[in-house]
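This report refers to the structure that appears directly beneath it.
The values are calculated or read from the model by the stated rules, or taken from the named source; none is laboratory data. These numbers were taken from a predicted model, which means no experiment stands behind them. Here Cβ is always computed from backbone atoms with ideal geometry, including for glycine, and neighbour counts include all displayed protein chains. Accessible surface areas use protein heavy atoms only, side chains included; no ligands, DNA or RNA. Shrake-Rupley method; radii C 1.70, N 1.55, O 1.52, S 1.80 Å.
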Amino acid sequence: MSTTIAKDQPGEGRLEHAQSDHPPIARAKVGVVLVNLGTPDNTDYGSMRRYLSEFLSDQRVVDYARWKWQPILQLIVLTRRPFLSGQAYKSIWNTEKDESPLLTITRAQTEKFAAQMQSLYGDEVVVDFCMRYGNPSTESVLTRLVEDGCERILLFPLYPQYGSPTTATANDQAFRALMKMKWQPAIRTVPAYFEHPGYLRALATSVTDVYEPLSERPSKLVASYHGVPERFLHEGDPYHCQCQKTTRLLREKLGWEKGSIDTAFQSKFGPEKWLGPATVDHVAELARQGHKHIAVISPAFTADCVETLEEIEDEIRESFIAAGGETFTYIPCLNDRDDHIEALVDIANNELGGWVMPVSSTA
């Protein structure tokens, strides 16, 4: 992540032939921005309300008519939910850094990613991260990169499976920021990468790493994805299909038999019918069926967050144990694992083709 901005003055570099009154211009670079969902600044009511208001006002997330939804959101939902969500965040909060685990992990991912990009491209590529909701905001990061001379920017939403409430809204926000710029950078967006060999390899290795020391092997692995309303599938969103395929590809990578991994969805919000089965209900049903030892993995989350550290480790675990289960094993997200970062770098390298050459390459 860049801290200094080198600029060419009139009469030098790219401004060699410019008039003496031409404003300095930063030297041209390529930017890469890792984008995650978002985080509140703190766990208090005000911070949580601001964050939830931004999140739940996004029509990619809740696509009801604004005239109908906003009064419900502002007058009903946001009177109580900030307290509940604040308690959930407080239970997992990184008190040492006074920030959410998602922010801590995303920063660690970015630092490792940037180090690898530095070794490949030197100072030609500038790496940073932003959040779709909360801080650091998409607009502030893109503005800083443009000021730093990034005339081409690769936007990298950290969502392996494409979803309109995740990938699409991250891209939307970036283009909204560009609408305010006099000199827009060229933008590329990284597509869904759930089929990428490096991602699947890291995902499979994360399973075997957790399973290896266990005295009792889980009889079922549940792949729990963040849910969306079922109608999204019928309206053309490929998320459900890509989640199902991720589970199948993970099972094949592990070399397991059919039926060894189930797909389920969590974090339902609102009265609509959502993709199912619901993870919280499915794990209870597994316990009633006699599966006393299960494991849960979250392939759609690239960093542990409130949905994994609190919802899975608390609510979903409790549902399984209450139904008669005995051992519940949560497999952490890929976070800043080296094999995960290597996969992200490989994906970025492919998308940067034609924009920048590794410093070690020869013409």
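When a 1.4 Å probe is rolled over the protein heavy atoms, the share of accessible surface on the chain that falls to carbon and sulfur comes to 51 percent.
The H on the amide N of residue 129, modeled in the peptide plane, is under 5 Å from the matching H of 34, each at least 5 residues off or on a different chain. Legend: residue pairs 90/253; 220/268; 97/220; 90/268, Cα-Cα distance threshold 25 Å; pairs beyond threshold, 90/253; 97/220. Highest mean first, the peptides 150-159, 112-121, 180-189 sorted by other C-beta atoms within 10 Å per residue fall in the order 150-159, 112-121, 180-189.
Among bridges DSSP assigns within region 147-300, what percent are antiparallel (round to 5)? Counting DSSP beta bridges with both partners in region 147-300, the antiparallel share is about 5 percent. In order along region 231-236, the phi-based Karplus estimate (6.51 cos²θ - 1.76 cosθ + 1.60, θ = phi - 60°) of 3J(HN,Hα) comes to 5, 4, 4, 6, 8, x Hz; Gly and Pro are listed as x. Counting only DSSP beta bridges with both residues in the chain, the antiparallel share comes to about 10 percent. For the chain, the longest principal axis of the alpha carbon atoms and the long axis of helix 78-92 meet at an angle near 90°. Shown is the FRET efficiency for residue 66 and residue 215, computed with R0 = 56 Å from the Cβ-Cβ distance and rounded to the nearest 0.05: 0.55.
A Förster distance of 30 Å, applied to the separation of the beta-carbon atoms of residue 111 and residue 27, puts the FRET efficiency at 0.80.
When the helices of the chain are scored as -39500 (n - 2.57) per DSSP H run of n ≥ 4 and the total is divided over every residue, the value at 222 nm lands at -12000 deg cm²/dmol. Here the Karplus curve 6.51 cos²θ - 1.76 cosθ + 1.60, taken at θ = phi - 60°, turns the phi angles of region 254-265 into couplings of 6, x, 8, 7, 4, x, 7, 10, 9, 9, 9, 9 Hz, with x standing for Gly and Pro.
Computed over protein heavy atoms with a 1.4 Å probe, the accessible surface of the chain works out to 47 Å² per residue.
Taken as Cα centroids, region 195-209 and region 290-332 sit 19 Å apart, rounded to the nearest whole angstrom.
By the gyration tensor of its Cα atoms, with a ≥ b ≥ c the square roots of the eigenvalues, what is the shape of region 249-363: rounded for a/c under 1.5, prolate for a/b over b/c, or oblate? The shape class here is prolate. 3J(HN,Hα) along region 186-195, derived from phi through the Karplus expression 6.51 cos²θ - 1.76 cosθ + 1.60 where θ = phi - 60°, amounts to 5, 10, 10, 10, 6, x, 3, 10, 5, 9 Hz, with x in place of Gly and Pro. Beta bridges assigned by DSSP with both partners in region 26-165 are antiparallel in approximately 5 percent of cases. Between amide H atoms placed 1.01 Å from N, distances below 5 Å from residue 262 occur with 221, 222, 223, all of them 5 or more places distant or on a separate chain. Report note on the peptides 168-174, 190-196: ranked by the mean count of other C-beta atoms within 10 Å, highest first, their order is 168-174, 190-196. For the chain, a Gaussian network of Cα nodes joined below 10 Å ranks 125, 210, 32 by mean-square fluctuation, and the top entry is 210.
Along the charge dipole of the chain, which of 349, 303, 323 sits closest to the positive end, that is, farthest toward it, with unit charges on the beta carbon of Lys, Arg, Asp and Glu (+1, +1, -1, -1)? Comparing the listed Cα positions along the dipole, 323 ranks first.
With contacts taken as Cα pairs under 8 Å and at least 6 residues apart, the chain reaches a relative contact order of 20 percent. Highest GNM mean-square fluctuation among 214, 102, 200, for the chain modelled with Cα contacts below 10 Å: 214. Computing FRET efficiency as 1/(1 + (r/R0)^6) for residue 292 and residue 94, where r is the C-beta to C-beta distance and R0 is 30 Å, gives about 0.35.
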